[in-house]
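Each value in this text was obtained by applying a stated rule to the coordinates, not by laboratory testing. Just so we're clear, the structure is a prediction, and the values are computed from it rather than from any experiment. Here the Cβ is made from the backbone with ideal geometry for all residues, glycine too, and neighbour counts use every protein chain on show.
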Amino acid sequence: MRRTVPAAFLVLSLGLTAACGDGGSGTKADSSAKGPITIWLSNNKEELAWGKAMVEAWNGQHADQKITAQEIPAGKSSEEVIGAAITAGNAPCLIFNTAPAAVPQFQKQGGLVALDDFEGAKGYIEQRTGSAAEQYRSPDGKYYQMPWKANPVMIVYNKAIMQKAGVDPENPPLGTYAEFLDTSRKIKSSGAAQAAIHPSPASQFFQSWFDFYPLFIAETGGKQLVEDGKAQFSSAEGQRVADFWKTLYAEGLVPKEQYNGDAFGEGKSAMAIVGPWAIPVYGDKIKWGLKPVPTSAGKPAAEIKTFSDAKNVAMYSSCQNRGTAWEVLKFATSQEQDGALLKATGQMPLRANLTATYPDFFTEKPGYRDFADQAGRTVEVSNVPNSVTIWQTFRDAYSESVIFGKRPVADAFGDAAKKVDGLAGQR
């Protein structure tokens, strides 16, 4: 997952004027108002290429409603930048990089427009996304984000390292915790790699999305970290997941130190937890294979759910020309544009019947099929108040007990669960 933001503010050279008609003028916006708008895009080069092409296609047909596209400005994180723009009243109309975890806070700031305000929006979202759309509704029942694209996470493994460790490179035993641990021990003891797997031990709130959370989702059959206002991670299933990771750390199979680089890409670790973005990154440089994340008992692959790692699109309340913004949002998430996004980035549009909708892509690029199959079984972060603070509370407890072993897991998770229940109950 690439969460860095650019060092400079890049305006895509689309030959457009700076007058966008969506600045925070204080005028009450009309949901039918038409005119020029500004959008922000991720700094991912493949997404920028898709965004530029999408904008050019729209602008060629709408001379009086042109889009100006910009990269998200520089900052510590995109969430921080967006939050500051909401406060300043100068957020763009649409941001194609809105993290679901940040939506509750942006909503609390009054920074988001309920998409339900637009005629047919609810039906459009639910028809496009299918049953997964429900995860993106806010507690008030409305959609403040358009489910856009997912990077369902799986275990990628290096076949050459597995073979060197004496493990079947085509089908390494990784389905159960016991198998995963045994394989990891072989990797380490053989010297085939310095680490079996090397997730980041850093303390940022989102790091648990790439170690604990995918396995928790799989182990529980699809539970979120918080459900019905209550923390779920202190359950027996959560304890099993934590004990699994704690064993990996305690035995030195997973380093406790941050690796400044790509441990998997550089052959320092045999495995990684990745989304489909990894395919163009590793390409032919590494002979790799994919497995679902493990479960304690080894569930069949077709039953395993995982973390979606989605990025969505939201409309921001400083937008004046909301009628145009809604039409652009539908245009950018149309079947044609979703197909262009899939082809340009390999990321999975949050669209029902993905493989049936784009059969040619998956025939030409079969490496994406496992991710596409997994995309139909994903779970998002909980859409609850204080979402980011909840994740940080959990991460602190996880780091203390699982990574560094300073407290028993049951104690750390139990205390964190009480805090999380209180945070989730606030409005």
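With both bridge residues required to lie in the chain, what share of the DSSP beta bridges run antiparallel, to the nearest 5%? For the chain, the DSSP antiparallel bridge percentage is about 60.
Taking a ≥ b ≥ c as the square roots of the eigenvalues of the alpha-carbon gyration tensor, the range 310-427 is classed oblate because a/c is 1.5 or more while a/b is no larger than b/c.
Going from the residue with the fewest nearby Cβ atoms within 10 Å to the one with the most, Y358, Y124 rank Y124, Y358. Just check the chain against the gyration tensor rule for me: Cα atoms, a ≥ b ≥ c as the square roots of the eigenvalues, rounded for a/c under 1.5, and otherwise prolate or oblate depending on whether a/b exceeds b/c. Note, shape of the chain comes out prolate.
Classified by the C-alpha gyration tensor, the range 93-234 has a prolate form. Its axis ratio a/c, with a ≥ b ≥ c, is 1.5 or above, and a/b is larger than b/c.
Of all aspartates and glutamates in the structure, those lying under 12 Å Cα to Cα from K34, and not within fewer than 8 positions of it along the same chain, are D22, D64, E327. From the alpha carbon centroid of the range 196-274 to that of the range 321-355 is 31 Å. Can you give me the C-alpha center-to-center distance between the range 41-100 and the range 299-315, rounded to a whole angstrom? Using only Cα atoms to place each centre, the spacing works out to 24 Å.
In terms of other Cβ atoms within 10 Å, C93, C319 run from fewest to most in the order C319, C93.
Along the axis of the charge dipole computed for the chain (Cβ charges of +1 for Lys and Arg, -1 for Asp and Glu, origin at the Cα centre), the listed residues P92, A53, A195 are led at the positive end by A195.
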